[in-house]
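None of the figures in this text is laboratory data; all of them are computed from the coordinates on show. Because the structure is predicted, anything quoted here is derived from the model rather than measured. Cβ placement follows ideal geometry from the backbone for every residue including glycine, while neighbour counts extend to all protein chains displayed.
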Amino acid sequence: MTRDEPFIPTVLVMELSGDLEGRPPEEAVSMFSAAVSETALGCAGAGGTIGHIKANMRSSEEMVSASSTTEDGNVRLRFSLESPVRGYTIVLNAIVYRIEYRDMKSIAEKAFSGFRAETSVWHKEGICNDPKCSDPDCQRHHGKTVRSD
Amino acid sequence: MDILVVAGMLGAGKTSVIIQLLEPLSAGGRKVAIIENEIGSVGIDGEVLNKGGLQIRELAGGCVCCTLKTGMIDTLKALQAEVNPDIVVIEPTGIADPEYILLSVDGVMGLTVGTSKVVVVIDAERFLKLKTMFERPLKNQMETADIVLINKVDTIPLQDLRSVEDSIRSTFKYKGKIVHVRGDTGDGISSVPKEIGL
């Protein structure tokens with residue numbers, strides 16, 4: 001298996017945290033859902049094939065989870081936020097085929113810009129070149145053979 | 001301890017299917033635990049499953065069929081010792097080879113594995129579009145499948161569903177049972193454990 005195989009995706013992980021200053025939960029969830037949708041649409045628009053765009057948003061003890069697995073930006077939500085949102089954290093895991101990491105990051109940054117995060121962390125996840133390994137995420141072994149049997 | 005591997009491409013709806021499988025798998029007071037393996041260094045689905053108060057172990061940043069094989073075995077041993085589940089559901093990454101997973105737990109000292117089964121979840125809406133791109137991992141998954149669940153059947157017309165089925169049979173030479181399901185509502189899923197002898 002090589003990086004050029006079509007089923008090896010680009011994997012982006014984003015972690016945001018900040019304060020939405022008591023924004024109503026419906027509004028925060030709507031913003032969150034729209035950002036996930038915009039990320040999916042943006043990646044599709046850039047020629048990517050969506051593996052999945054998944055994100056969780058936590059505020060206090062509450063969590064809403066969003067998932068988009070198609071190129072039309074349709075988002076499915078699980079759970080919800082019930083209380084006004086102050087401090088929040090968002091974790092996004094985006095897996096998209098046939099797209100460059102820098103394009104994905106740029107799309108996601110723009111999509112989530114409304115959250116004006118105080119901290120943001122971005123990871124590009126590595127892949128494994130082991131010819132027998134069918135998993136794209138072998139960050140520790142990036143570019144190395146990880147199994148010799 | 002029986003093992004159920006729920007394989008399938010990214011976005012096929014594996015986590016949704018697992019959520020719907022929990023009730024029939026738990027019938028008769030059986031204890032169910034889940035090993036969640038995600039691409040990427042953070043767990044998303046594990047948090048979702050955790051909301052239900054389930055016994056979840058997450059293995060992120062690698063694949064249980066290769067780089068995290070040892071981690072999976074250690075996790076299974078820990079589950080056996082701490083929880084003693086009747087069934088462990090393993091959700092691997094979208095392109096994992098279930099055969100590697102089953103082979104890796106076979107005959108491991110200190111691990112008592114009973115029946116092992118593989119469910120493959122297919123996304124009805126995207127299968128025909130993506131099957132060429134994912135032919136190799138799909139082939140691996142179909143070769144080990146005890147049952148194939150075509151998920152999201154409400155998203156395409158019946159005639160297209162037949163095309164998906166035909167393609168599963170012709171492209172991947174799959175001869176086993178195919179069931180139409182909906183992970184969001186649970187339609188078609190409750191009988192799956194019985195169908196595969198779990």
Open item on the list: Could you tell me the calculated FRET efficiency between A:Glu100 and B:Glu143, based on Cβ-Cβ distance and R0 = 45 angstrom, to the nearest 0.05?
Closed with: 0.85
TODO: Kindly provide the helix-only [θ] at 222 nm of chain B, computed as the sum of -39,500 (n - 2.57) over DSSP H runs of four or more divided by all residues, to the nearest 500 deg cm²/dmol?
DONE: -10500 deg cm²/dmol
Task: Charge dipole (segment B:2-195, unit charges on Cβ, about Cα centre) - positive-most of B:Gln159, B:Ala78, B:Leu103 - done: B:Gln159
Task: Angle in degrees between helix B:69-82 and the longest Cα principal axis of chain B, rounded to the nearest 10 - done: 60
Task: Highest-fluctuation residue, B:Asp106, B:Asp123, B:Asp97 considered, GNM on chain B with Cα pairs under 10 Å - done: B:Asp106
Task: Most mobile listed residue (B:Gly110, B:Gly176, B:Gly28) in chain B, GNM with C-alpha springs under 10 Å - done: B:Gly28
- [ ] Starting at the first residue of segment B:98-113, write each ³J(HN,Hα) from the Karplus equation 6.51 cos²θ - 1.76 cosθ + 1.60 with θ = phi - 60°, in whole Hz, x for Gly and Pro.
- [x] x, 4, 4, 5, 5, 5, 5, 9, 6, x, 6, 4, x, 10, 9, 10
Task: 21 Å Cα-Cα threshold exceeded, pairs from A:Lys54/B:Lys177; B:Lys14/B:Lys129; B:Lys14/B:Lys131; A:Lys54/B:Lys194; B:Lys131/B:Lys177; A:Lys110/B:Lys131 - done: A:Lys54/B:Lys177; A:Lys54/B:Lys194; A:Lys110/B:Lys131
Task: Given 16 as the ceiling on other Cβ atoms within 10 Å, longest exposed-site-free region of chain B for trypsin sites (Lys or Arg not before Pro) in DSSP loops - done: B:52-172
Open item on the list: I'd like the mean, over residues of B:139-151, of how many other protein chain beta carbons sit within 10 Å of each residue's own Cβ.
Closed with: 0
Open item on the list: Just to verify a number: FRET efficiency for A:Ser83 and B:Asp106, C-beta to C-beta distance, R0 = 56 Å, to 0.05?
Closed with: 0.70
Task: Efficiency of FRET between B:Met133 and A:Ser113 - r from beta-carbon atoms, R0 30 angstrom, step 0.05 - done: 0.45
TODO: Convert each backbone phi in segment A:71-84 into a coupling constant with the Karplus relation 6.51 cos²θ - 1.76 cosθ + 1.60 (shift: θ = phi - 60°), then list the ³J(HN,Hα) values in order as whole Hz, x for Gly and Pro.
DONE: 7, 8, x, 5, 10, 10, 9, 10, 6, 6, 9, 10, 10, x
Task: Mean projected area (nm²) of the alpha-carbon convex hull when segment A:10-125 is viewed from all directions - done: 6.0
TODO: Equivalent ellipsoid semi-axes for segment B:2-195, as square roots of 5 times the alpha carbon gyration tensor eigenvalues: give them largest first, rounded to whole Å.
DONE: 26, 18, 15
Task: Neighbourhood net charge (11 Å Cβ-Cβ; Lys/Arg +1, Asp/Glu -1) for B:Thr185 - done: -1
- [ ] Quick one: which residues, 5+ away or cross-chain, put their amide H under 5 Å from the amide H of B:Ile189? H built at 1.01 Å from N.
- [x] B:Arg182
TODO: For segment A:10-48, run through the GluC sites (Glu not before Pro) and keep only the ones in DSSP coil with at most 16 other Cβ atoms within 10 Å of their Cβ.
DONE: none
Task: Gaussian network model of chain B, Cα within-10 Å springs - most flexible of B:Val164, B:Val121, B:Val108 - done: B:Val108
